[in-house]
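Chemist: What follows is a structure written as structure tokens; I'll ask about it next.
What follows is calculated from the coordinates using simple rules that are stated; it is not laboratory data. On a predicted model such as this, the values are computed, not experimentally measured, just so you know. FYI the Cβ positions are ideal-geometry reconstructions off the backbone, even for glycines, and counts take in every protein chain you see.
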Amino acid sequence: DAGVIQSPRHEVTEMGQEVTLRCKPISGHDYLFWYRQTMMRGLELLIYFNNNVPIDDSGMPEDRFSAKMPNASFSTLKIQPSEPRDSAVYFCASSNLRGNEQFFGPGTRLTVL
Amino acid sequence: EDQVTQSPEALRLQEGESSSLNCSYTVSGLRGLFWYRQDPGKGPEFLFTLYSAGEEKEKERLKATLTKKESFLHITAPKPEDSATYLCAVQARYGGSQGNLIFGKGTKLSVKP
């Protein structure tokens, strides 16, 4: 298996633009997680899905953030409109069971100017 | 509130100089404690899961131990390739964040030849 795949790896955009981050989880994993990592706050959970259904979105910082999982092999995290404080590395992770280890993708480094 | 504190923030070792990293936690019933390794520009890579006080796990030069309040990651005779940031995370059994991984900010380890 190729592991968790994320695209793009780097994104530079201007304030106010829409940003869409993409993730393909490991085949057979029922759980998908979106995280954000910054120097100040470390790694924080934004939202997670089970069997394509959003279960806990309490970590989503604002209504500007939204996430979808239309099928078992694809998820998106969208920021609209983007702001400079959204600059961070965004990771997608997947696992086969709720309590098991999570496998992380390589991340998307987002810079909002 | 569930919380994870890692120390030190950074650690410089000479090759072969053994040491330990600390992860202190407060959690509403520990379901599991996870150690991850993160290389620059990459996603966290799973190392160990510990579930109960007294448990130990080993992998090459790394050994993780767990008490009711903290976990240690012991590094024996480290090599330069062990240089990375080591992240600790806890998973709570109860409370609003139950089942989610709560990460510490990590310890950045540098091993000089």
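Chemist: If B:GLU60 passes every condition in (1) acidic (Asp, Glu); (2) out of contact with any strand residue (DSSP E or B) (no Cβ under 6 Å at 6 or more places or on another chain); (3) touching a residue at least 40 places away in the same chain (Cβ under 8 Å) but one, which one does it miss?
Modeler: Unmet for B:GLU60, out of (1) acidic (Asp, Glu); (2) out of contact with any strand residue (DSSP E or B) (no Cβ under 6 Å at 6 or more places or on another chain); (3) touching a residue at least 40 places away in the same chain (Cβ under 8 Å): (3).
Chemist: Within the stretch A:84-106, does at least one residue satisfy the condition of being basic (Lys, Arg) and under 11 Å from the mean Cα position of the chain (by Cα)?
Modeler: Among the residues of the stretch A:84-106, not one is basic (Lys, Arg) and under 11 Å from the mean Cα position of the chain (by Cα), which makes the answer no.
Chemist: Another question about this same structure. Could you list, in sequence order, all residues of the stretch B:1-28 that are closer than 26 Å to A:LEU97 by Cα, part of a loop (DSSP other than H, G, I, E, B) and not small (Gly, Ala, Ser)?
Modeler: B:GLU1, B:ASP2, B:VAL27
Chemist: Report those strands (runs of 3 or more DSSP E) wholly inside the stretch B:29-111 carrying at least 1 residues which are out of contact with any Gly (no Cβ under 9 Å at 6 or more places or on another chain) and within 11 Å of another protein chain (Cβ to nearest Cβ).
Modeler: B:30-38, B:45-50, B:101-103
Chemist: Test B:GLY32 against the criterion of being touching a Ser or Thr at 6+ places or on another chain (Cβ under 9 Å) and either under 22 Å from A:LEU45 (Cβ atoms) or not charged (D, E, K, R) (or both), and give yes or no.
Modeler: It is true that B:GLY32 is touching a Ser or Thr at 6+ places or on another chain (Cβ under 9 Å) and either under 22 Å from A:LEU45 (Cβ atoms) or not charged (D, E, K, R) (or both).
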